[in-house]
Structures are given as structure tokens and as C-alpha cells.
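Computed from the coordinates by the stated procedures, all read-outs in this text should not be read as laboratory data. Predicted model only: the values in this text are computed from it and were never measured. FYI the Cβ positions are ideal-geometry reconstructions off the backbone, even for glycines, and counts take in every protein chain you see.
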């Protein structure tokens, strides 16, 4: 599933190709991915130029010179591509924007869970979808204000796009690993120091992923992602990727938290002990 780092890579790709180019045609090969109807899309897009590209969480936006934006959400399998001639169109191209220089920009989506729609502005779209601040922009103070009083598990809370936009499943696991916080901690038990560590980890993980264009095998050996994907590229020919980079004898464990597969280090991220746990019978005898 395209996460924030992939979508940022898509945005930069689009920025290089489409900026200040006139759109000469909108080719719809499969209207299933459209939330705005074809006729309206063509009326607002054809003859217009893209003045800027933006991203909010997992959403990419093309700002047009008529004060509207084209919002792209990539669903589970969405991608973008570029080509000039029909035979070279990427497989599963659903919509293509034809540009004045002959280039065509493809919205590619094998499973058709992605969506394309017009919006008045990024802010309007953000309000409509109830999205929080972008994960790269949110401050630790905002995190603490949003989560500090919640009596809910931390991992599902971080996945809530209303809290902050752009954190997906593997990213949250990585963030919590880097911050050394257990995914089952209750939000309201985090200290100010831990919220600062959480924020720093979000920045580290997202910036590292963007730097490597979301190619996970290129991530540092200190990242949990290698254990999650059972990827030995950081430690070739060994099984070290299955173990904690900080504690080579501690194997990374998997469990389900909030219904999502979750990877963590039992030593770096110890399971929290809550005040609601009953004492063992032997301790009270």
C-alpha cells in the first residue's frame, strides 16, 4: 500500500513532469477510480496548467491555475507513470492526462481502490476527509495535545488519520521501535520526554524512507523493517535481520494490536504493566 514516503516520491515525480504544462486531454480508461464525473473533470482540466504539487498524508494534489485542485488517493495499489505512445502505457493505467509536450501522465491502479476527484483546495479536502496535520509537519506539542488524554492503545491512535495524516502500519511499528515505546502503551501514560521521542522518531523514519524513495532494502540496518519483511539485504547471508539491531540475541516478535500485524522488540519495547492487572495468587498468599 502506498504510504506517505511513496506518495511523496510520486509527488516529486509529477512535479518534474507536469508543472506549468497545459493539459490537452483527459483520457479515462476506467471510470471506477473517478469520484468526479468525466465531463466535469474535462471541463476543469483541459486547457489548464498545474501550478504546484502538494501532498497531505497519503494524498497527492495537483493545484490548477483555475483555483481548484485534482486530488489523487492511491488506495492499496496505486502508482503514477509517464509515457508518450499508447503501446507504452503502463499496465493498469486507469486515467491519463495528456500534456502539451506530448507526455502522458498515468494514474495506475491494478486493484482500482484509488480515487481521483476535484476539490476547491487542499484545505477543503482535508476538512472533508477529516484529516489531521501532515505527519511531517506535526509538532510534539500537537501530538501530546491530541493523544495525551486518550485512554486508548498507542498504535491504533497513531494510525488514526484524524490525529495525524500519513502514518501507515509499518511506519508506526518503525516509529515505536525507534522511540523504544511499546505499541500497547496507553496514550495517556506517555511522558513529555516520550512524546518528544515519538515525534523525533516520526521525523527520522519518514525522512529516511523519502531519502531512499521508499526502497526498503536500502534502509539502515538499524531499522525494524528488515525484520518485518524478512529481508536480509542489510545483513546479507545471515539471519541477523530477524533479531533486534540493538540486542542481537533478542528476536523480533509479532502480534496483533488493534487488529493489525505488529512487530516489536520485547526488550527495547517492554510490555506495559497496568494498574488494572490483578496480582498473582502466590503474591497475596
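Taking Rh as the Kirkwood radius computed over C-alpha pairs, what is the Stokes-Einstein D of region 86-201 at 37 °C in a medium of viscosity 0.692 mPa s, expressed in µm² per second?
196 µm²/s
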Working from the alpha-carbon coordinates of region 1-155, get Rg over Rh, Rh being the Kirkwood radius.
1.01
Can you give the direction-averaged projected area of the convex hull of the alpha-carbon atoms in region 165-221, in nm²?
4.2 nm²
Peptides ranked, highest mean first, by Cβ atoms within 10 Å: ranges 160-172, 72-84:
160-172, 72-84
What Kirkwood hydrodynamic radius, in Å, does region 41-128 give when the mean of 1/r is taken over all pairs of distinct Cα atoms and then inverted?
13.6 Å
Expressed as a whole-number percentage, the relative contact order of the chain with C-alpha contacts under 8 angstrom and at least six residues apart is 15 percent
When the helix-only estimate is applied to the chain (DSSP H runs of n ≥ 4, each -39,500 (n - 2.57), divided by the residue count), what is the mean residue ellipticity at 222 nm, nearest 500 deg cm²/dmol?
-8500 deg cm²/dmol
Quick one: Cα centre-to-centre distance for region 176-217 and region 116-132, in angstrom?
26 Å
Test of understanding: express the Cα radius of gyration of the chain as a ratio to 2.2 N^0.38 Å, with N the residue count.
1.16
Output the antiparallel fraction of DSSP beta bridges having both residues in the chain, as a percent to the nearest 5.
95 percent
Scaled by the rule-of-thumb 2.2 N^0.38 Å, the alpha carbon Rg for region 140-264 gives a ratio of 1.04
What angle, in degrees between 0 and 90 and rounded to the nearest 10, separates the Cα long axis of helix 4-18 from the longest principal axis of the Cα atoms of the chain?
20 degrees
Take peptides 175-181, 248-254, 90-96, 139-145 and line them up by average Cβ neighbours within 10 Å, highest first, as a rough protection proxy.
175-181, 90-96, 139-145, 248-254
